[in-house]
1. For the range 45-73, which positions are farther than 20 Å from L160 by Cα and either touching an Asp or Glu at 6+ places or on another chain (Cβ under 9 Å) or small (G, A, S) (or both)?
2. Find the residue count for the range 110-122, including only residues that are open to solvent by 20 Å² or more (accessible area, probe 1.4 Å) and in a strand (DSSP E or B).
3. For the range 80-100, state whether one or more residues are crowded, with 20+ Cβ neighbours inside 10 Å, charged (D, E, K, R) and out of contact with any Cys (no Cβ under 8 Å at 6 or more places or on another chain).
4. Tally up the residues in the range 22-59 that are closer than 15 Å to A82 by Cα, in a loop (DSSP other than H, G, I, E, B) and modelled with pLDDT under 95, please.
5. Count, please, the residues in the range 123-141 that happen to be touching a helix residue (DSSP H, G or I) at 6+ places or on another chain (Cβ under 8 Å) and in a loop (DSSP other than H, G, I, E, B).
6. Residue check: is V40 open to solvent by 60 Å² or more (accessible area, probe 1.4 Å), aliphatic (A, V, I, L, M) and out of contact with any strand residue (DSSP E or B) (no Cβ under 9 Å at 6 or more places or on another chain)?
7. Can you confirm whether A86 is among the aliphatic types (A, V, I, L, M), over 18 Å from L28 (Cβ atoms) and in a loop (DSSP other than H, G, I, E, B)?
8. If Q16 passes every condition in (1) assigned to a loop (DSSP other than H, G, I, E, B); (2) in contact with a Phe, Trp or Tyr (Cβ under 9 Å, 6 or more places away or on another chain); (3) free of Cβ contacts under 8 Å to residues at least 40 places away in the same chain but one, which one does it miss?
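The values are calculated or read from the model by the stated rules, or taken from the named source; none is laboratory data. The structure presented is a predicted model; accordingly, all values stated were derived computationally and were not measured. Positions of Cβ are backbone-derived with ideal geometry, glycine not excepted, and every protein chain shown enters the neighbour counts. Just the protein is used for accessible areas: all its heavy atoms, side chains included, with ligands, DNA and RNA removed. Shrake-Rupley method; radii C 1.70, N 1.55, O 1.52, S 1.80 Å.
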Amino acid sequence: EYAWGGQESINGAVAQVDILGIFGKFGLDMGLLWGPPDPVTQVPGVMAFQIFQNYDGNGSGFGDGSLAATTGDQSKLAIYAAKRSADGVITILVLNKSFGDLTSTVTLQTTAVSAKAYRYGATDLGSIAALGDQVVTPVAGGGGHLGMTFPAQSITLFTLPY
């Protein structure tokens, strides 16, 4: 059981997504938020759950099988990854927990040439924006790189075919 508060702000939404990412990464069987976010006064808290359950408005959700994902500094730029068993899509969440924009490269072990991207952030607290296809740059030896600037206090979700 937990109640971190802050569900009415982007900071609270980023914290909530980080909590859920940690729960998944470490295989928590059950966590209980003490009172769900209010859909009128705590929209960012609602969006934190929507990024996992319906980020595209078509019922698409984060994967049900955790994948390894690491970052150089989890306190600033956190990353979580999963694979959906139903369709094999790989999902990657990148959280910019800092108060400044951060540019980084996500290294992938996939042959995908592009990734769909979605973002929730302070510029629009009422919806998750589709960013369109992002190019995956192939690297020698296999895999690829996905470079992007992650705005301050933002949640970015990538989806890739497996």
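1. Listed by number, the residues that qualify are G45, V46, A48, G72.
2. Looking only at that region, the number is 4.
3. Yes, the range 80-100 has at least one match.
4. Residues meeting the conditions: 3.
5. 0
6. For V40, the condition - open to solvent by 60 Å² or more (accessible area, probe 1.4 Å), aliphatic (A, V, I, L, M) and out of contact with any strand residue (DSSP E or B) (no Cβ under 9 Å at 6 or more places or on another chain) - is met.
7. When the stated conditions are applied, A86 passes them.
8. For Q16, the exception is condition (1).
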